[in-house]
Amino acid sequence: MVLRRAASLLIFLVCVSALSQAPDQSSAQPNPNLPRSFHDQDLNITYFYPGRFVPDPASVAERTPAQASSSSTTTATPKCARSTFFANSVTSADTASFVLSTIDNTCPNVLRGATTLGPFIREQIIRQLKQYGEPTVTQEATRYTIDGHPAAIVLASVPMPAAAGKIPQTTYAAKACFLGNIPVKAKKKSDPADPTRHVLCFDYTTLHSDLYHLLFAFSLQFDNDTPQPMVPGSVIR
């Protein structure tokens, strides 16, 4: 039940659609000490994540449009955003999960709002956590770059209702978003600026604040560039 509750916290503005990507399935029993990877074929981005996280079968199975529509769990406009990958880690000490999602120009207004990064991230993380209690933003939007791509992250937490006979718990959440392409300024005022075509988001939850350090084990690779930390240690205070 705790896993289901924690996993649901991750679906921020995500309407699941047909997924053509597949994670690295080289090991049926992943080694928690070795990283695993997921390649987004549409955008040619490779994500690397700790081996302790196990992909959720529903996030990697191909679905028909009808199945994807019926599985939506948010009130966002359908198909404005889509999840690309979801994984979780369950140990005796903690339950942690993460989801990757993409916002494209299917809904121009949503994409335009997402490109603001900080305000968009804060609004979305608060909106989702409010379903479970009164959330607190523990770190306001912090801006940084990932291989030249503008990015921002917000940290928040929410106390969870106590299950029967159990001690109340707090869920700690982090949401980071970054632009799918590096903005190029127009050489002349009359030239249009290069528009942002995608905003990529990474949502992470854990039941222990000291496990925020796992964020530093995530990285990504644009095209054939050098892999870069998804969340540099310098941006978490």
Filter region 220-237 down to residues that are over 15 Å from residue 149 (Cβ atoms) and touching a residue at least 24 places away in the same chain (Cβ under 8 Å) and give me whichever is nearest to the chain's Cα centre (by Cα). 236
Mind checking which residues of region 210-228 are over 18 Å from residue 43 (Cβ atoms) and open to solvent by 60 Å² or more (accessible area, probe 1.4 Å)? 210, 213, 216
Residues located in region 87-116, provided they are open to solvent by 30 Å² or more (accessible area, probe 1.4 Å) and closer than 20 Å to residue 47 by Cβ: 104
Is it the case that region 62-73 has a residue that's modelled with pLDDT of 95 or more and either among the acidic types (Asp, Glu) or touching a Lys or Arg at 6+ places or on another chain (Cβ under 7 Å) (or both)? no
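Specify which of the listed residues (163, 173) is more than 22 Å from residue 44 (Cβ to Cβ), in contact with a helix residue (DSSP H, G or I) (Cβ under 9 Å, 6 or more places away or on another chain), at pLDDT below 90 and not charged (D, E, K, R).
Numbers: 173 fails: at pLDDT below 90.
Every option except 163 fails the conditions.
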Is one or more of the residues making up region 177-184 assigned to a helix (DSSP H, G or I), at pLDDT 80 or above and surrounded by 12 or more Cβ atoms within 10 Å (Cβ to Cβ)? no
Close pairs from region 197-210: first in a loop (DSSP other than H, G, I, E, B), partner open to solvent by less than 10 Å² (accessible area, probe 1.4 Å), Cβ under 6 Å, at least 6 apart: 207/94; 208/94
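Please specify each residue of region 109-137 satisfying the condition of being among the basic types (Lys, Arg) and assigned to a helix (DSSP H, G or I). Write out each step before concluding.
Filtering region 109-137 for residues among the basic types (Lys, Arg) gives 112, 122, 127, 130.
Correct list: 112, 122, 127.
The values are calculated or read from the model by the stated rules, or taken from the named source; none is laboratory data. Here the structure is a predicted model, which means the values were calculated and not measured. Every residue, glycine as well, gets a Cβ built from its backbone with ideal geometry; the counts of neighbours run over all protein chains shown. Calculation scope for accessible area: heavy atoms of the full protein, side chains included, ligands and nucleic acids excluded. Shrake-Rupley method; radii C 1.70, N 1.55, O 1.52, S 1.80 Å.
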